[in-house]
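Scroll down for the structure; my scribbles are underneath it.
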Amino acid sequence: MGGGGVQKGGLSGVLFGPGVELLSVGIQGCRPMGPSHTVTHAEGAALLALDGRPALEVLFGHLNWQEALAAPGAAPHRLPGELQQALLALSPPHPWVYGASVALAAHVLSVVGIDPLRQAVFVEGLPQPGQTVTLCQADEQVARAEVRRACAEIGDWLAPEPTPAQDGQAAAIGRSICGAIYIRSALRHPVPRSAQVDAELQLIRHALGPVPLLGFTSTYEVDGTALQQMSAQLLVFTQPLQALA
């Protein structure tokens, strides 16, 4: 919504002033499907070589390409379902995975095409030599675990820290949550939900407690200075702990 009507394209956001204190944590929901590889040759959106070998062979060498591409000008629907649903996690050289999930710093990209002659894989992004690529897939259990992990991290950040008080007694200084916003990619496969109950929001509400919580669906998500896709962001607004009367 914008300008009094429904807008298509563009960018929509909210700018908070310095008086608003909040925390933000990224959430992935994809499980690695194999080892990570280093990009050794890329041109634009084309992955040409991984670990010095043809990218198509490294990622999808186990598929029967002769059968899939038997007809001249084979249409995308003739390609194996595994390729059509394939996701690639593109990340800096070191953080490959986070437990059973892809790295938090990873950008999960869709595979948009292949070039059998050049043995290239095309992705919805611009891979760079030296980056790490991991074949992955959306996973319900990983998505649930990631939501719980994000909420636990926020709880740790807000935990009171004992500090010396003037009377010599230790005093706890901490913050509490006064509201939260959950932004989820429209392309991300979420935990099953219905029109009445959103399972991911229910998980967050259970973890954070009875605080105001809003949920939004987006095309892309801003994570620090990076533009994410297929991910989610949880923002919580905080305030100082109120002393009991």
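What to note about this one:
- Förster-model FRET efficiency, 25 Å R0, SER24 and ALA45, C-beta, rounded to 0.05: 0.30
- Modelled spin-label separation between ASP156 and ALA207, with each label point placed 7 Å from Cα along the Cα-to-Cβ direction: 1.2 nm.
- Potential lengthening between PHE16 and SER176 on full extension [0.36 nm per residue; Cα-Cα distance subtracted]: 55.8 nm
- Judged by the mean number of other Cβ atoms found within 10 Å, the most tightly packed of the peptides 117-124, 177-184 leads the ranking 177-184, 117-124.
- Listed peptides 20-29, 205-214, 102-111 by packing density, highest first (mean Cβ within 10 Å): 102-111, 20-29, 205-214
Throughout, read-outs are computed from the coordinates displayed, never taken from laboratory work. Keep in mind the model is a prediction, meaning the values are calculated, not measured. Using ideal geometry, Cβ is built from the backbone for each residue, glycine included, and neighbour counts are taken over all protein chains shown.
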